[in-house]
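Structure record follows, encoded as structure tokens.
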Amino acid sequence: MKKQLFSITCVAAALYACSPGVPQLGKSSLDDVIGAMTLEEKAHLVIGMGMAGFSGDSAVVGETRNLVPGAAGTTYPIERLGIPSVVLADGPAGLRINSTREGDPATYYCTHFPIGTLLASTWDQELVEEVGKAIGNEVLEYGADVLLAPALNIHRNPLCGRNFEYYSEDPVVSGKIAVAYVRGVQSNGVGTSVKHYAVNNQESNRMATDARVSPRALREIYLKGFEIAVKESDPWTVMSSYNYLNGVYTSESKELQTTLLRDEWGFSGMVMTDWFGGKDAVAQMEAGNDMLQPGMDKQYEAILQGVKEGRLDEAVLDRNVKRILEMILLTPRFKGYPFSNQPDLEAHAAVTRQSATEGMVLLKNDGQTLPFEAGIKKIALFGCTSYDFIAGGTGSGNVNRAYTVSLEDGLKNAGYQLSDTLKNAYEQHIAAENQRNRPDDSNPMLAFLPMPRPTELLPSAELLREQVAGSDIALITLGRTSGEFLDRTLPDFNLTQEEQALLQRVSHAFHAAGKKVVVVLNIGGVIETASWKDLPDAILCAWQAGQEGGNSVADVLSGKSSPSGKLTMTFPVKYADDASSANFPTDGAMSSMDFSDHGEKKTEVKDWDYTEYEEDIYVGYRYFDSFGKSVSYPFGYGLSYTTFAYTHPTISHDDGIYTVTIDVKNTGQRAGKEVVQLYVAAPDAAQANKPEKELKAFAKTKELNPGETATVALTVKAADLASYDEDSSSWVVAGGNYTFMIGASSRDIRATQVADVPAFSEKTHDILKLRTEIRRLKR
């Protein structure tokens, strides 16, 4: 049936094209263009061009591999009306397209930039905007139109497989970093797609699980970052998430896609699904989810029949078509931009190398172990990950890059000497482990999954004695990787027996000889640190720094760059301490890869068919600090190669805006930057069931020389102090004295100011209600 309809449409298009006065996109009004479209053309436009071979369904009309091979999707062209096909491409750490093309000797490599967690850990909106500009330039020059990024879901739990793409456990950090990213990318005249809207906080059964979240937690935690991004950066598009939210697929929720996003927040762009997201095409159209990607036959047919049978008002379809056309009008492809296929990859490599250093977090530095002293020349490099450095996560967040600089290469590039004996031992071990862990080539989808990391190599006593005698210092790298389709496991959060043994053996051997030990964490999400952090002298959380990772780490270790990153999430003492740990899957079960059929909604299996967000608003530091829980490293924590003093705090207010200022002085011996964090505590917080403190603003100083002072000003709107009251469906500020706390972390408050804030309330729509009552954590 579909092929017959397509043939009829083609004939109709040819007849129209020969007729005088056919409306043209960009020359005629949008209403005239839509009025000239056939119903079949409208149905084609609101779904993508398909992704043949990826799912059980064939493509709607094939796929436009000739545009930008490897891009995630395209839109349907209608040539007779001047409507081109535009290109949608992943992803958050850089453009993801194919690096080679059939019959073409050229290469189309893209720059792998630092992962989202690292970028957020810079707490530097100007820097993230510069990274966004570089990413957006590659989008433009490779002929893509919309980048499917940024991803800003909350780090609800340490084991979420896609935490590496996301920014923080805090919505203000997530929202502000996303704003900077969007502005940077879109400055190139290409678009972004803020995702995954909303509550995509686990990969386990991600296309069928029901996230059960209170309206208050939604408004204050899980939706706040999206609200900030939409209101402050005007993204071209928003991408709906896979999951159900309180019993309704997010892409089929009119309350989410229209009432909140458009009516309350004022979003005027286009909404698209995540790839193969949702089930009911008619419900998605009605909800305001304008485009269904990548497009399937059954969606096309459902929309046609929906209109013909009166279940879908054609006016709704026209509305969605109009939003898609408004997006297409903005694109480089519509404007005829002569893309070069030759972005300045060398310049962008320099951007990623430098930016990565500012998001690395110095967790420990006893005795000024770092940066390396001038006498440090020979390094004993342990750990499989030292020789197989991880640039980023897997899946749509991956980037097809030309190279990845290992830590071994980075240290050599910086002039350090490494042991060939250790190198040979590790390379042989890694090769054998990779062969053992090699995925089944018959299943192409496995290429999207994280490959198991090699079991850690334990050096023999003889090899260890040799390395102690011939080296100035020991460096151990611990690595973790993750990606789409499955969450991390509890064993992945903890160190393996081999890793623990490696740390103990190397630390004891080198310390016995009066030599120091440094640990580098090449990770995408939180791991357990409390049980072993006393062993080494210094710990650098390098995250996953993109293709220049080894060089970036070497820049920090050598002192060429001073670390200024701070944690955007809490490192708990143990996994069970996290408030969401009782309501999160820990077995790493694989999500279904049958994208064409999600099956019937089920509610039998806890944390798989549904997940109850019983911790409510108490996510991350809001829980740990409010309930007095010990942590390994607190939210906002990070050391520097220098020290800073906070003096002369002031607070003022004008027309509902509170401004806090503080002088920050570099009191150490090296240049460095400091992240200043502003937390606010409400009056009678415990009685009002509010967190002990909440981050409301932050800023990063410029690089301060020793003795130099900068005055930092942080502003907070009175409305930003509100909590969401479910009974009245209102944002409410309780009047009284609020304490404004200026800190170097959530547990390192350096100064406080108090201001009297008048009562305030603002009515909202009564939406997104829980359909099943859940127990909620309260103070």
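Against the numbered list (1) touching a Gly at 6+ places or on another chain (Cβ under 9 Å); (2) more than 27 Å from Pro338 (Cα to Cα), Pro92 comes up short only at (2). Could you list all residues from segment 533-584 that are of a type in the set (Asp, Glu) and under 15 Å from Ala414 (Cβ atoms)? Result: Glu548, Asp555. Residue check: Pro536 meets all listed conditions (1) touching a residue at least 40 places away in the same chain (Cβ under 8 Å); (2) buried (at least 22 other Cβ atoms within 10 Å of the Cβ); (3) in contact with a strand residue (DSSP E or B) (Cβ under 7 Å, 6 or more places away or on another chain); (4) not in a loop (DSSP other than H, G, I, E, B) but one, namely (4). A count restricted to segment 697-725 and to residues that are in a strand (DSSP E or B), open to solvent by 40 Å² or more (accessible area, probe 1.4 Å) and within 24 Å of Ile617 (Cα to Cα) stands at 3. If you scan segment 358-383, which residues turn out to be assigned to a loop (DSSP other than H, G, I, E, B), over 22 Å from Asn424 (Cα atoms), under 33 Å from the mean Cα position of the chain (by Cα) and not aliphatic (A, V, I, L, M)? Residues satisfying the conditions are Thr369, Pro371, Phe372. Within segment 377-386, is even one residue touching a Gly at 6+ places or on another chain (Cβ under 7 Å) and closer than 24 Å to Met569 by Cα? Checked segment 377-386: at least one residue is touching a Gly at 6+ places or on another chain (Cβ under 7 Å) and closer than 24 Å to Met569 by Cα. Scanning segment 311-332 for residues that are over 27 Å from the mean Cα position of the chain (by Cα), assigned to a helix (DSSP H, G or I) and either crowded, with 21+ Cβ neighbours inside 10 Å or aliphatic (A, V, I, L, M) (or both) returns Ala315, Val316, Leu317, Asn320, Val321, Leu325, Leu329.
Taken together, the residues in segment 661-671 that are surrounded by fewer than 20 Cβ atoms within 10 Å (Cβ to Cβ) and under 31 Å from the mean Cα position of the chain (by Cα) amount to 2.
Flag: Tyr658 does not match the condition of being under 26 Å from Ala751 (Cβ atoms), open to solvent by 20 Å² or more (accessible area, probe 1.4 Å) and touching a strand residue (DSSP E or B) at 6+ places or on another chain (Cβ under 6 Å).
The set of residues from segment 103-115 being open to solvent by 10 Å² or more (accessible area, probe 1.4 Å) and either part of a strand (DSSP E or B) or touching a residue at least 12 places away in the same chain (Cβ under 8 Å) (or both) comprises Asp104, Ala106, Thr107, Tyr108, Tyr109. Note on segment 161-198: residues that are under 29 Å from Val248 (Cβ atoms), hydrophobic (A, V, I, L, M, F, W, C) and either free of Cβ contacts under 8 Å to residues at least 12 places away in the same chain or crowded, with 24+ Cβ neighbours inside 10 Å (or both) total 8. Screening Pro69 against (1) open to solvent by 10 Å² or more (accessible area, probe 1.4 Å); (2) out of contact with any Phe, Trp or Tyr (no Cβ under 9 Å at 6 or more places or on another chain) leaves a single unmet condition, (2).
Candidates Arg747, Arg771: the one that is at pLDDT below 95, of a type in the set (Lys, Arg) and open to solvent by 70 Å² or more (accessible area, probe 1.4 Å) is Arg771. Going through segment 590-602 one residue at a time, which ones are within 20 Å of Ser482 (Cα to Cα) and either open to solvent by less than 30 Å² (accessible area, probe 1.4 Å) or touching a strand residue (DSSP E or B) at 6+ places or on another chain (Cβ under 7 Å) (or both)? Of everything in segment 590-602, those that are within 20 Å of Ser482 (Cα to Cα) and either open to solvent by less than 30 Å² (accessible area, probe 1.4 Å) or touching a strand residue (DSSP E or B) at 6+ places or on another chain (Cβ under 7 Å) (or both) turn out to be Met590, Ser591. The condition of being among the basic types (Lys, Arg) and within 21 Å of Leu127 (Cα to Cα) holds for Lys700.
For segment 223-243, a tally of residues being closer than 21 Å to Pro691 by Cα and open to solvent by 10 Å² or more (accessible area, probe 1.4 Å) returns 3. Here Ala149 passes the criteria (1) surrounded by fewer than 24 Cβ atoms within 10 Å (Cβ to Cβ); (2) within 28 Å of Ser251 (Cα to Cα); (3) aliphatic (A, V, I, L, M) except the one numbered (1). Do we have any residue at all in segment 676-686 that's surrounded by fewer than 21 Cβ atoms within 10 Å (Cβ to Cβ) and not hydrophobic (A, V, I, L, M, F, W, C)? Checking segment 676-686: at least one residue is surrounded by fewer than 21 Cβ atoms within 10 Å (Cβ to Cβ) and not hydrophobic (A, V, I, L, M, F, W, C). Number of residues in segment 123-138 that are part of a helix (DSSP H, G or I), open to solvent by less than 10 Å² (accessible area, probe 1.4 Å) and closer than 20 Å to Gly638 by Cα: the value is 1.
When you check Val757 against the structure, is it of a type outside the set (Gly, Ala, Ser), open to solvent by less than 40 Å² (accessible area, probe 1.4 Å), within 30 Å of Glu255 (Cβ to Cβ) and over 29 Å from the mean Cα position of the chain (by Cα), yes or no? No. Filtering segment 139-188 to residues that are of a type in the set (D, E, K, R) and part of a helix (DSSP H, G or I) leaves Glu141, Glu165, Lys176, Arg183.
Candidates are the residues of segment 613-630 that are open to solvent by 30 Å² or more (accessible area, probe 1.4 Å) and under 24 Å from the mean Cα position of the chain (by Cα); the one that is nearest to Thr209 (Cα to Cα) is Glu614. Can Ser355 be described as modelled with pLDDT under 95 and part of a helix (DSSP H, G or I)? No.
Evaluate segment 422-439: report whether one residue or more is in contact with a Gly (Cβ under 6 Å, 6 or more places away or on another chain), among the hydrophobic types (A, V, I, L, M, F, W, C), at pLDDT 85 or above and farther than 26 Å from Asp472 by Cα. Within segment 422-439 (the criterion being in contact with a Gly (Cβ under 6 Å, 6 or more places away or on another chain), among the hydrophobic types (A, V, I, L, M, F, W, C), at pLDDT 85 or above and farther than 26 Å from Asp472 by Cα), the answer is no, since none of the residues qualifies. In summary, Ser558 fulfils each of the numbered conditions (1) within 23 Å of Ile177 (Cβ to Cβ); (2) open to solvent by 10 Å² or more (accessible area, probe 1.4 Å) with the single exception of condition (1).
The test for being over 30 Å from Ala589 (Cβ atoms) and out of contact with any Ser or Thr (no Cβ under 6 Å at 6 or more places or on another chain) does not hold for Ala431. Selection of first residues in segment 488-503 that are within 19 Å of Ala576 (Cα to Cα) and of a type in the set (D, E, K, R) and of second residues that are open to solvent by 40 Å² or more (accessible area, probe 1.4 Å) and not in a helix (DSSP H, G or I), restricted to Cβ pairs under 9 Å at least 6 apart or on distinct chains, gives the following pairs, ordered by first then second residue: Arg488/Thr586; Asp492/Arg453. The set of residues in segment 504-519 that are among the aliphatic types (A, V, I, L, M) and open to solvent by less than 70 Å² (accessible area, probe 1.4 Å) comprises Val506, Ala509, Ala513, Val517, Val518, Val519. Here's a check for you: in segment 385-396, which residue that is part of a helix (DSSP H, G or I) and modelled with pLDDT under 95 is farthest from Gln428 (Cα to Cα)? Going through the qualifying residues, I end up with Ser396. For segment 132-146, state whether one or more residues are under 30 Å from Thr586 (Cα atoms) and at pLDDT 95 or above. No, segment 132-146 contains no residue that is under 30 Å from Thr586 (Cα atoms) and at pLDDT 95 or above.
The values are calculated or read from the model by the stated rules, or taken from the named source; none is laboratory data. Values in this document were obtained by computation on a predicted structure and should not be read as measured data. We place every Cβ from the backbone using ideal geometry, glycine too, and count neighbours over all the protein chains shown. Heads up: the accessible areas ignore ligands, DNA and RNA and are worked out on the full protein's heavy atoms, side chains in. Shrake-Rupley method; radii C 1.70, N 1.55, O 1.52, S 1.80 Å.
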